[in-house]
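A quick write-up on the structure given underneath.
The values are calculated or read from the model by the stated rules, or taken from the named source; none is laboratory data. All figures in this text were calculated on a predicted structure; none of them were measured in a lab. As a convention, Cβ positions derive from the backbone with ideal geometry for all residues, glycine included, and neighbour counts pool all protein chains shown. Just so you know, the surface numbers come from the protein's heavy atoms only, side chains and all, with ligands and any DNA or RNA stripped out. Shrake-Rupley method; radii C 1.70, N 1.55, O 1.52, S 1.80 Å.
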Amino acid sequence: MKEYISSVRMKYAQNLLLTTNMSVKEISAQAEFENENHFIKFFKYHEGKSPSKFRNMYFNIHMNDK
């Protein structure tokens, strides 16, 4: 159950990173993390890169696919 919840939160955060211009702090609050630092550590652990790096790497690809 914990893994499922983590995966849903990750997908939600990834979607917000790719489809909005919300800050990492705003996304961490929207995804109901305790604070921005906890979100960044969680994201790095599961994705292997920071939320900002993820956005920079995939934002243009995502926008070009539309």
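Which value, in debye to the nearest 20, describes the size of the charge dipole of the chain about its Cα centre when Lys and Arg Cβ atoms bear +1, Asp and Glu Cβ atoms bear -1, and nothing else is charged?
On the way: 10 positive and 7 negative charges, 37 e Å.
Value, rounded to 20: 180 debye.
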Of 29, 46, 57, farthest towards positive along the dipole that unit charges on Lys, Arg, Asp, Glu beta carbons give the chain
57
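At 222 nm, what helix-only mean residue ellipticity would the chain give, in deg cm²/dmol to the nearest 500, using -39500 (n - 2.57) for each DSSP H run of four or more? Working shown, then result.
Values: 4 runs with 51 residues, N = 66.
Helix contribution divided over all residues of the chain: -24500 deg cm²/dmol.
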Full-extension gain between residue 50 and residue 2, please, as 0.36 nm times their residue separation minus the C-alpha to C-alpha distance.
15.1 nm
Under DSSP loop assignment and at most 11 Cβ neighbours within 10 Å, longest GluC sites (Glu not before Pro)-free interval of the chain:
35-66
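For 22, 10, 57, 1, write out the residues from largest to smallest accessible area, computed with a 1.4 angstrom probe and no ligands counted. If you can, show how the numbers build up before the last one.
Numbers: 22 45, 10 15, 57 90, 1 170 Å².
Greatest to least solvent exposure: 1, 57, 22, 10.
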For the chain, dividing by residue count, accessible area per residue (probe 1.4 Å) in Å² works out to 74
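Could you rank 45, 12, 4 by how accessible they are, 1.4 Å probe, largest area first? Numbers along the way, then the final one.
Working: 45 185, 12 90, 4 145 Å².
These residues rank, largest area first, as 45, 4, 12.
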I need the P(r) histogram for the chain: all alpha carbon pairs, bin width 10 Å from 0 out to the longest distance, whole percents.
22, 58, 19, 1
Please report the carbon-and-sulfur percent of the accessible area for the chain; probe 1.4 Å, protein heavy atoms only, DNA, RNA and ligands left out.
51
Rounded to 10°, Cα long-axis angle of helix 2-19 versus longest principal axis of the chain:
30
